[in-house]
Each structure stands twice: as C-alpha cells, then as structure tokens.
Amino acid sequence: MGEGKEQKVIIQHYIPQCILKNFSNDKGQVYEGLVMEKKTYLTNVSNSMAERFTYEHSLIEANILEKYFSRIENYIGPAFSRIISALEKYEENSNDFKKINRLINSYMREYLIFYYRSGALLHEFSHEQKSPEDRVLLLIRKLISSDYIKRLSETVVNHYSFCILKSNEGNFVLSDQFVSTAALKIKNRFTNVSNRQIGLKQVILFIPLSKNYYVVYFHGKSPIYICEDKINELNTEQLNEVNKVIINNSYKKSVGCNKEPLELGLSEFEFRSPVTYLAGYKSGATTGSVVKKEIFFYRKDEEVMEFFESTDWLKFKSLERNDICRCGSGKKFKKCHMDIYLECKRMMDHIENNGDSRIYNVSERSTTELPINEWFGHVTPKE
Ligand SMILES: [Zn+2]
C-alpha cells in the first residue's frame, strides 16, 4: 500500500459531478429525492449521489477505481458539453442530425460503464445482501469483461433506433442507475434476465445529458411522442410519463433541478427490486434467480405482470370463452379477463416448455450474456 503519501479520496461519487451539474440550478444545487422515503431536499452537486469510500476494498490499492473513473469522467464531461451544444446548434440552424447521432454513439461504452458502476454499487446482480466490499468486487468483475461491454455497445448502436427528448422547462430527472431502461413489451419470460436488460429486444434506454435533454435508444414499439432520428419536444404529460420510468429505475435516489416533477415521480415509485424467483421445471429441476425489477413502459404490460405474480390468474384456468368470468364482473370471460389470462398462461408455458434445454445458473455472467444471444443469427446490422 506504499507510503500512504497519496490522499485517499473520501467522498466518492457513483454518478459523476460533470453529469450532476447538468441537472443543477445556477447555484450548483439539485433537489435530491429519496425514493423509499419519498422525501426531497436541496443539496449541492458536490454532496449528491456520493458516499464515503464507495469503491474501496481492503485488498485493492487505495484510489485505483477512483482514478479509473476520474479518467473516464475527464473526457466524458467535455464530451457531454459538446453533445449539448451540437443539439442547440441543430435546433437553431439544422446541424446534421446523423452527425450528432454518431457523436453520441461514440460514447456508448462510457454510458454502459457508468450504468454498471451504479448497478454494482447499489446492489444489482447480487443474490443475497452483499457487503459493500463484495459489491466492489462485483463491479470490478463487470468492468474487466470489457469485451462484453464492447459487444453490448455495438448491439445498441447497430440495432436500436435513436432520438433525443427535450424538456423546454428543464424538468427531466436523473436516477442513480444513470441509464434508465424499460421493457416495451412483455416477452413471456421471467427467469434469469429482466425484460428490460440493455441489449435485449423491445427495450427502451434513457441516457441523461441534462435537465433539458435525454438520449433515447429503443427497439420495438415506442410511444407516439418518441420518434426516431429527431428531437422530440415533450409536453407536461409526456414528460411525467418519462420521468416516472426514470425514477422507477432508481435504487435509492433521483435528482432534478425542479422540485415538482421530482416529487410527482417519487409519488409513483414502486419498490419491487431485486426480485428472487424460484422456477420449477417439468424435468423436476428447480432454479432460483435474481431478476432486475421489472419496469414496463406501458401500463397494460405492468398489469399483466402484477396479475401473473399474484397467481390470481390460476383461478381462471378451466373457463371457456363464453363462460361467466370468475372475477365477479358478470361479463363473459372473453370480454373480461381472458386476454390477461392467456398472456399469463403463455408465460408459464414458456417456462415449462424450455425447462429441459434451458436450465439457468445464477451468475453475473448469465445475467449479462443473454441479451446478446437474443440477437444472434436473427439480425443484420443497420448500415
Ligand atoms: Zn373478469
């Protein structure tokens, strides 16, 4: 550990200050919101999204990870400023949008590193409660696998659609997961990998630039106000919908420049993460796994998932189309709970039918490599 001449960095940020300041007011302050307590308060950027010795481990030389992240932050900070001014120029006089797209694409690896940093430090991918030191090891393992991050970046850049969202009032919020994700569709799968993992199909990613701009990458059916290859200016209702998804991605905190949109998003935060599942297969095998909290962009998909998890759908099992629905509505099954029941049954069939060929193991690797496999052999890159 050397002579100890070097000063240890005590307060370490898991969201870089160069990004936090883009969400601050002109005094360098942000509103920080605690998602569980649903409490907001004003704080300085230098105190926000930080903890004492976030990335230190007794077996690792002091400040190693701090330096690694500082190096990245030192060039992502100016890059973010360049991107924002390119967007402002585009709005004034039609800067080439494809050029902006390429500029933003070129930092995909860095966005993903920030995403994994938050995930590992704030308790993602861990089967049971990990100590802070164990989380540092998880983080290092993730970052060492740079080939994975490279391939994942290529998947997003080559296969997802791209656009920008804009809030004229500077009302976007930022979650401590850094990149926020949501599934655009239920995919009849719930073991091993979340529906909203980066790199999967039918997923939307929100990458923060500032309180005025978010970068969006998506695959699948996006809402009408998120159109590819342009800047989409959001009205208040649309903005609240996006902020709700972003805040639901938070582990502990979100921040925003303005209090009202932050508080509105916090009021709708649901704690469902991380979820442990035990899956039983026809072969007799069982598997347990941790699934990232499910977040669906559309309310109707959320309803199916809640219904599935409640196991209420099982009581509709023996009903025929024209039977009276068992929920007590008095309506025919086909006009009431049939669609949602069939969706749940498809999920269960999927689990049962894939049991013999796909026994999942719970490991960091399995949660990250499946997203790329989903594309394998099915898609040719966009030009
Ligand atoms: Zn019903």
Over the range 250-271, the set of residues assigned to a helix (DSSP H, G or I) and of a type in the set (Gly, Ala, Ser) is Gly265, Ser267
With the first residue restricted to the range 15-39 and required to be buried (at least 23 other Cβ atoms within 10 Å of the Cβ), and the second required to be part of a loop (DSSP other than H, G, I, E, B) and among the acidic types (Asp, Glu), Cβ contacts under 7 Å at 6 or more apart or on different chains are Ile15/Asp176
Filter the range 313-327 for residues that are touching a helix residue (DSSP H, G or I) at 6+ places or on another chain (Cβ under 6 Å) and not in a loop (DSSP other than H, G, I, E, B); the one that is nearest to the ligand (Cβ to nearest atom) is Phe316
Conditions (1) farther than 23 Å from Asn105 by Cβ; (2) modelled with pLDDT of 90 or more; (3) charged (D, E, K, R) -> Glu228 fails only (1)
Original post:
Does Phe297 count as within 30 Å of Lys39 (Cα to Cα) and at pLDDT 90 or above?
Top reply: yes
Is it true that some residue in the range 234-252 is buried (at least 19 other Cβ atoms within 10 Å of the Cβ), touching a residue at least 24 places away in the same chain (Cβ under 8 Å) and more than 21 Å from Val35 (Cα to Cα)?
-> yes
- Restrict the check to the range 19-29 and report whether at least one residue is part of a helix (DSSP H, G or I), at negative phi and in contact with a Lys or Arg (Cβ under 6 Å, 6 or more places away or on another chain). yes
Scan the range 186-198 and tell me whether some residue there is surrounded by 24 or more Cβ atoms within 10 Å (Cβ to Cβ), more than 29 Å from Thr40 (Cβ to Cβ) and not hydroxyl-bearing (Ser, Thr, Tyr).
yes
*asked:* Residue under question is Ala62, and the condition is that it be in the same structural domain as Asn249 (by TED's automatic domain parsing) and touching a Leu at 6+ places or on another chain (Cβ under 9 Å); does it hold?
replied: no
Within the range 291-312, residues being surrounded by fewer than 20 Cβ atoms within 10 Å (Cβ to Cβ), acidic (Asp, Glu) and either more than 13 Å from the ligand (Cβ to nearest atom) or not in a helix (DSSP H, G or I) (or both) number 3
Going through the range 303-342 in order, the residues found to be under 21 Å from Ala183 (Cα atoms) and either modelled with pLDDT of 90 or more or basic (Lys, Arg) (or both) are Asp339, Ile340, Tyr341, Leu342
For Ile84, the lone unmet condition from (1) within 23 Å of Ser254 (Cβ to Cβ); (2) touching a helix residue (DSSP H, G or I) at 6+ places or on another chain (Cβ under 6 Å); (3) part of a helix (DSSP H, G or I) is (2)
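The values are calculated or read from the model by the stated rules, or taken from the named source; none is laboratory data. Here the structure is a predicted model, which means the values were calculated and not measured. Note that we place each Cβ from the backbone using ideal geometry, even for glycine, and neighbour counts take in every protein chain shown.
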